[in-house]
Structure formats: C-alpha cells, structure tokens
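The values are calculated or read from the model by the stated rules, or taken from the named source; none is laboratory data. None of the values given here were measured: they were computed from a predicted structure. Positions of Cβ are backbone-derived with ideal geometry, glycine not excepted, and every protein chain shown enters the neighbour counts. Accessible surface is based on the protein model in full, side chains and every heavy atom, while ligands, DNA and RNA are left aside. Shrake-Rupley method; radii C 1.70, N 1.55, O 1.52, S 1.80 Å.
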Amino acid sequence: MPATCVIGLQWGDEAKGKIVDLLTEQHDIVVRYQGGSNAGHTVVTGGQTFKLSLIPSGIFRPRVQCVIATGVVVNPASLLDEIDGLAARGIAVGKNLMISDRAHVIFPWHIEEDRLLDRCSDGELIGTTMRGIGPCYRDKVGRSFAVRFGDMFRSDFSDRVNNIVAFKNRMLAGMGDGAGRDLLDAGEIHAQYSGYARRLRDYVADTTAYLLDAVEAKRNILFEGAQGSLLDIDHGTFPFVTSSNSSGVGVASGSGVPARYVTKAIGIVKAYTTRVGGGPFPTEQDNEIGQHIRDVGNEYGTVTRRPRRCGWFDAVAARYTARLGGIDVLAVMLLDVLSQLPELQICVAYELDGRRIEHFPSHVDDLRRVKPIYETMPGWQQDVTGIRRRADLPNKANAYLNRLGGLVGRPVEIVSVGPDRQQTILS
Ligand code: IMP
C-alpha cells in the first residue's frame with residue numbers, strides 16, 4: 001500500500017483525523033497538502049483528546065515523518081502554539097515534522113482581510129473561519145504580495161514586509177472600519193515573523209523533493225485531506241467553499257506527488273451530513289432532528305466552536321465526490337449518533353423544476369432549489385458503541401450501511417461507532 005489518501009466526501013468535519021490516526025501505523029510518512037488552520041482534527045489517544053489544525057495526526061507516533069507540504073498555507077504563530085501545546089503534554093515535535101519551504105505564510109493582513117471581506121458580491125456571508133486562509137491563497141495566486149516559508153530566511157525579507165505593508169495599509173484604509181488609519185506596523189510584523197522563523201528554521205525543507213524520493217523508494221505515504229470535497233474551490237458548492245482543492249484532486253497539486261502514485265483512496269463520510277458556514281445544504285434539518293444530531297454528535301466546530309448545521313445523508317452529493325476523488329472504499333463515521341432515532345432518511349436523488357435528477361448540480365442556485373427525494377429506513381434504536389464486528393451490528397444498522405455504500409457505489413470498509421481508536425469496525 002505505498003500511497004493512500006484520506007478524503008472527506010462531505011462539507012468537512014467527517015472525523016478524518018481518527019481514520020488517519022488508525023492508518024498511520026501502516027505508513028512511514030503522513031502528509032497535509034492543502035488548507036491551513038481552518039481545519040481542525042480531533043484525535044483521541046490514550047484517553048486524552050488532542051485538537052490539531054496544521055500538524056498531521058501522525059505526530060503521535062515518533063517513527064512517522066509528518067509533512068506540511070507546499071499546498072498548505074501556514075500561520076507560524078498557530079503552528080508554534082500547536083508544537084508548544086503538544087510539548088506541554090509530553091509529545092515532542094522534532095525532526096519528525098517537516099514544513100515546505102514553498103508553503104505560503106499567513107500574515108496579520110490576511111486575517112484582517114478575511115474579517116472585512118467575508119461576503120459574496122450580493123452580500124451573503126461565506127462564513128469563513130476567519131483564519132486568513134482565503135486572503136493568503138488570493139495573494140499566492142496574485143503573486144505580488146505573497147511570502148513563502150523559505151522567503152522568511154532571505155536577506156530581503158524585511159524589505160518585502162515593508163513593501164507589502166505599505167500597500168496593504170493603503171488597501172485596508174479603503175475598506176470598512178479600517179478607514180483612515182494604518183492598521184499594520186511593518187517593523188513589528190517583521191520582528192515578530194523573524195522570531196517565528198528562527199524557531200521554525202529546523203523544520204523547513206524542500207518537501208517536494210523529499211516526497212518524490214519517498215514515492216520512488218516505495219515508502220508508505222498517507223495523504224491527509226483537510227476539509228471536505230464539497231468545499232473544494234473548483235468542484236465544490238462555489239462560492240460557499242474554501243480556497244483550496246479539498247477534494248481528491250488536491251493531492252497532486254498540494255504535495256507535488258503525481259496522482260498516479262496513489263494506490264488507495266479512502267472516502268470518509270458521516271452517517272449523516274453536516275455543514276459549517278453559509279451555502280446550500282439540501283438535506284439540512286433545521287428542526288428537532290437536526291438539534292438531536294447536533295446534541296448527540298457534539299456537532300460544534302473544532303476550530304470556531306460554531307454550531308454545525310445538521311441533516312440526513314445525501315447520497316447524491318457523496319456519489320459525486322466519491323467519483324471525483326477516485327474513491328475505492330468508504331469509512332462511515334459517527335454511526336452511533338443515529339442510534340436513538342426511530343426512522344432514518346437517505347437522500348437518493350433530487351427534484352429540480354419537477355424533474356428527478358441524480359447528478360449534483362454545478363450551480364449553487366440550482367442546488368438551492370432542489371428538493372431531496374428521500375428513502376426511509378428503520379432505525380436500530382440500540383447502543384452500538386461497544387460493537388467491534390460488522391456481523392454483530394443490528395441488522396437494521398447493517399442494512400443502513402449497505403444502502404449508503406450501494407447508493408454511493410463504493411463498499412463500506414470501515415465503520416466508526418465512537419471517538420476512541422478501539423471503537424472501529426474494520427471489514
Ligand atoms: P475558510 O476556509 O476559512 O475560508 O472558510 C470557507 C468555508 O469553508 C466556510 O464555510 C467554513 O465554515 C468552511 N470550512 C473551512 N474549514 C473547514 C473545516 O475544517 N470543516 C468544516 N468547514 C470548514
């Protein structure tokens with residue numbers, strides 16, 4: 001199994017961290033390749049709960065090399081907080097972490113821009129995580145005001161910060177409550193980031209060369225996707241998306257490893273659906289069912305603590321993203337959250353303008369107008385958190401899982417029935 005990728009097939013928060021953590025022991029290298037500290041993954045290990053944003057979940061196993069690859073946007077302050085937080089709990093981070101010298105750096109102006117510009121042209125909120133992710137990717141694509149990790153170690157770093165700050169102050173002065181004053185102090189920012197760079201210097205490397213050597217040497221690599229495929233900048237529910245390729249297509253561009261090396265793609269879904277932030281969500285249950293799922297599943301953002309919007313499993317959306325990601329098998333997470341419900345609904349198709357459609361619409365306005373066509377299945381109404389074998393699950397739970405797999409067109413290989421590593425059923 002030289003290269004495996006783990007991809008969320010919904011709108012993020014599919015509990016990918018747990019699966020990555022489980023798979024890590026079979027891999028030598030774990031790679032984050034897109035997104036930034038907008039992602040949050042929770043790993044429960046040894047009875048302790050860890051919340052990470054940038055550092056790959058592989059960090060809990062010292063023999064595993066963790067890589068933050070080129071496609072990630074890195075806020076050095078957040079990264080240092082994570083490193084210090086792990087160290088305080090006895091997890092040392094040393095040579096087992098590598099950061100790409102090509103990864104782009106998030107600066108205070110990006111966070112300011114996120115705050116001032118989190119809207120579509122019609123005023124509707126995207127509801128970003130306010131971590132400066134979109135503005136940093138915007139500067140990367142724009143090139144003129146971008147700073148890559150390796151740039152912080154060059155002699156012209158101070159000049160670059162001065163030039164960028166002069167421009168950004170003029171820009172921010174024309175926006176919202178930034179008007180009329182200089183928001184940013186170049187000297188202060190340069191001093192602060194030089195300090196971060198000094199502390200992070202030993203982690204910085206050419207990760208593209210490292211990963212190409214590793215795949216050619218047939219080392220086992222695990223690619224850890226952040227967010228979910230429906231938030232993909234190109235293939236998601238644009239403009240209510242994140243600013244990177246969070247579907248399977250991002251592995252190659254973000255890491256530099258050609259997609260042909262990926263030998264297994266695991267698609268992660270929840271047994272239901274959630275979404276944080278704005279944008280259409282056809283199967284949303286803005287009612288007591290949604291509230292029940294939120295309460296039982298503790299559906300509040302890892303990063304922002306925002307309550308997540310909750311709804312039924314959408315097989316139209318998951319089939320689309322499973323195909324997009326070249327997914328081989330599914331991991332169905334949080335099955336236990338549905339255990340108390342007497343009846344479950346699965347969206348098997350949409351109705352759009354009186355016609356049944358089975359494809360996922362490309363325009364957000366069409367997605368807003370679709371009506372889900374549901375199939376109802378009986379709930380199992382039995383605690384499943386102690387079950388460790390597929391055959392021991394209630395028949396109704398197995399029927400539900402089989403129907404999900406059948407509709408998505410991929411076999412269900414992993415089922416999660418609780419947050420702990422042990423609470424996992426492997427087929
Ligand atoms: P941004 O990534 O902070 O720009 O946010 C853009 C959209 O993606 C917003 O709707 C966020 O709520 C959503 N988003 C970003 N990261 C995550 C995540 O890790 N889980 C779920 N939603 C996310």
Seminar exercise, completed: Of all DSSP beta bridges with both partners in the chain, the antiparallel percent, nearest 5, is 40 percent
Exercise. By the gyration tensor of its Cα atoms, with a ≥ b ≥ c the square roots of the eigenvalues, what is the shape of region 240-332: rounded for a/c under 1.5, prolate for a/b over b/c, or oblate?
Worked result: prolate
Seminar exercise, completed: Taking the dipole of region 303-368 about the Cα centre (Lys, Arg +1; Asp, Glu -1; charges at Cβ), the one of Gly354, Met333, Thr304 that reaches farthest to the positive side is Thr304
Exercise. If one computes the Cα centroid of region 73-142 and of region 273-341, what distance in Å separates the two points?
Worked result: 25 Å
Exercise. Which residues does a label at Ala209 reach in region 89-120, if reach means a backbone N under 17 Å from a point 7 Å past the Cα toward the Cβ?
Worked result: 98-103
Seminar exercise, completed: Short to long, in 10 Å steps from zero, the percent of alpha-carbon pairs of region 111-264 per bin is 9, 29, 32, 24, 6, 1
Exercise. How big is the charge dipole of the chain about its Cα centre, in debye rounded to the nearest 20, if each Lys and Arg gets +1 on its Cβ and each Asp and Glu gets -1 on its Cβ?
Worked result: 740 debye
Exercise. Simple spin-label model, 7 Å along Cα-to-Cβ: Asp366 to Arg306 in nm?
Worked result: 2.6 nm
For this session: Mind ranking Phe60, Phe153 by accessible surface for me, highest first, 1.4 Å probe?
Result: Phe153, Phe60
Exercise. Roughly how many Å² of Ser121 are accessible to a 1.4 Å probe, to the nearest 10?
Worked result: 130 Å²
Exercise. Averaged over all directions, how much area does the convex hull of the C-alpha atoms of region 1-158 cover when projected, in nm²?
Worked result: 11.1 nm²
